[in-house]
Amino acid sequence: MAIAYQALACQANYPEFILSQRYFFNMDICNNPPSPAAMSNKKNFLSINTSLWRFCAAPMLDWSDRHARFFQRLISRHVRLYSEMVTTGALLHGDRARHLDFHPAEHPLALQLGGSDPAQMAACARMGEDWGYDEININVGCPSDRVQNGRFGACLMAEPDLVAACVAAMKAVVRVPVTVKTRLGIDNRDSYEELRAFTAAVAAAGADALIVHARKAWLKGLSPKENREVPPLRPEWVLRLKADFPTLPMVINGGILDLDQARGFLDRLEGVMIGRGIYQNPWLLARVDRDLFGDPRPLPDRHQVLAELIPYLEARMAAGVPLQAMTRHILDLFQGQPGAKRWRRTLSENVHRPGAGIDLVWRAMPPPPAETSVITNLGALDR
Ligand SMILES: Cc1cc2nc3c(=O)[nH]c(=O)nc-3n(C[C@H](O)[C@H](O)[C@H](O)COP(=O)(O)O)c2cc1C
């Protein structure tokens, strides 16, 4: 009964979710029953266990491009993927297809927008929905100078009413969820009360979820990289925010490096988002489907993933994408495995050479374990 109710509640809001994930979500309830504390609040229980955001790969400029996302999707069917930030200016005046195109296998996929003009944000949200994205996310977390000059990113934490106006304008024109990715605060505007006021404003405007990078940002004096490392993480603030906004789906981000850590949040929050941990160790995704979604299918195999990636590489190369633009995302595929160093070195040293093609990928690949017969056969065919 409870499961049927959850499925209905979910279907009403997010038909795309129900189509792709109902089975596994039900499995998850069976395999990972929520804690009594989480179940004691019925609304929390429903929202936490029907969440679209249970496990997300973070938006990362230059790192979460379509090639990286396609590769990650081959490892996990359930991870929710986020695009790199795309500015409203780039979409309204630039090459839309270049910024928005993706492979259908990437779903569920969110588009992250950078901007602060409500009308432009609405126009771009609409464009994203029409292009097929499953969610539109607003970047209120990036502290770079370029982004500050454009009056968007983390500096918008000082303008909750403007962010709320963007959310409201976007919600008025799209059906997919509109979400906000934010920090705990900026500069000296870093009290919990200010974070709560910001959250209240975006929640009242209709935001469907809040993703919180659980550290503040310094707008002057720290580089974007330092701003991802120096300010201390305060996950307890996100949990407190959840207690203050029990019906607003909340996703925690920042410094999470493995699934045990992720799981530790999942009976109290709707989701976890990981950025660098996935990019630098993509095989972290291999257990996500089974461990966090109860998917009973066999765990993926590195060679199998590569065999599935190769036709994609060939197709994109035929469309003019340099091989190196794609192989840079897969250098850590064999991390910790025999042959990992050779794989990395062979690719990095040769992919720039004229004529480098798919045979280089085959050449770099560590020998498959004997039982991986599909690969052995494929390898024999293609080498
Ligand atoms: C190379 C790089 C680029 C990033 N670009 C974006 C971005 O475009 N939009 C955004 O909201 N956050 C961006 N971030 C921040 C991440 O989304 C994430 O919030 C941050 O890395 C903390 O999570 P982690 O500790 O799991 O990596 C970027 C991070 C990195 C490392």
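Of the residues Val212, Val230, only one is surrounded by 21 or more Cβ atoms within 10 Å (Cβ to Cβ) and either among the hydrophobic types (A, V, I, L, M, F, W, C) or within 11 Å of the ligand (Cβ to nearest atom) (or both); which?
Sole residue among the options that is surrounded by 21 or more Cβ atoms within 10 Å (Cβ to Cβ) and either among the hydrophobic types (A, V, I, L, M, F, W, C) or within 11 Å of the ligand (Cβ to nearest atom) (or both): Val212.
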*Scope region 254-279; condition out of contact with any Pro (no Cβ under 8 Å at 6 or more places or on another chain), within 12 Å of Arg54 (Cα to Cα) and not small (Gly, Ala, Ser); matching residues*: Leu259, Arg263, Leu266, Arg268, Leu269, Val272, Met273, Ile274
*Test Ser51 against the stated conditions and say whether it is among the small types (Gly, Ala, Ser) and away from the ligand (no atom under 15 Å from the Cβ).*
yes
*Mind telling me which of the residues Arg290, Arg316 ends up being over 30 Å from Val202 (Cα atoms), free of Cβ contacts under 8 Å to residues at least 60 places away in the same chain and assigned to a helix (DSSP H, G or I)?*
Arg290
*What helices (runs of 4 or more DSSP H) lie completely within region 141-241 and have 1 or more residues being at pLDDT 95 or above and either under 30 Å from Met127 (Cβ atoms) or not polar (S, T, N, Q) (or both)?*
160-171, 192-204
*Just one of Arg73, Arg80, Arg66 is charged (D, E, K, R), in the same structural domain as Gly128 (by TED's automatic domain parsing) and more than 15 Å from the ligand (Cβ to nearest atom); which is it?*
Arg73
*Got a sec? Which of Ala286, Ala262, Ala370, Ala325 is surrounded by fewer than 21 Cβ atoms within 10 Å (Cβ to Cβ) and within 16 Å of the ligand (Cβ to nearest atom)?*
Ala325
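Of the residues that make up region 244-258, is at least one in a helix (DSSP H, G or I), farther than 15 Å from Ala68 by Cα, among the β-branched types (Val, Ile, Thr) and at pLDDT 95 or above? Write out each step before concluding.
Within region 244-258, the subset in a helix (DSSP H, G or I) is 244.
Within this subset, residues satisfying the condition of being farther than 15 Å from Ala68 by Cα are 244.
When the remaining residues are screened for being among the β-branched types (Val, Ile, Thr), the result is none.
No, region 244-258 contains no residue that is in a helix (DSSP H, G or I), farther than 15 Å from Ala68 by Cα, among the β-branched types (Val, Ile, Thr) and at pLDDT 95 or above.
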*With the checklist (1) touching a residue at least 40 places away in the same chain (Cβ under 8 Å); (2) surrounded by fewer than 22 Cβ atoms within 10 Å (Cβ to Cβ); (3) of a type outside the set (Phe, Trp, Tyr) in hand, flag the one item Ala110 doesn't pass.*
(2)
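The values are calculated or read from the model by the stated rules, or taken from the named source; none is laboratory data. Keep in mind the model is a prediction, meaning the values are calculated, not measured. Because the Cβ atoms are built from the backbone with ideal geometry, glycine has one as well, and the counts that use them run over all protein chains shown.
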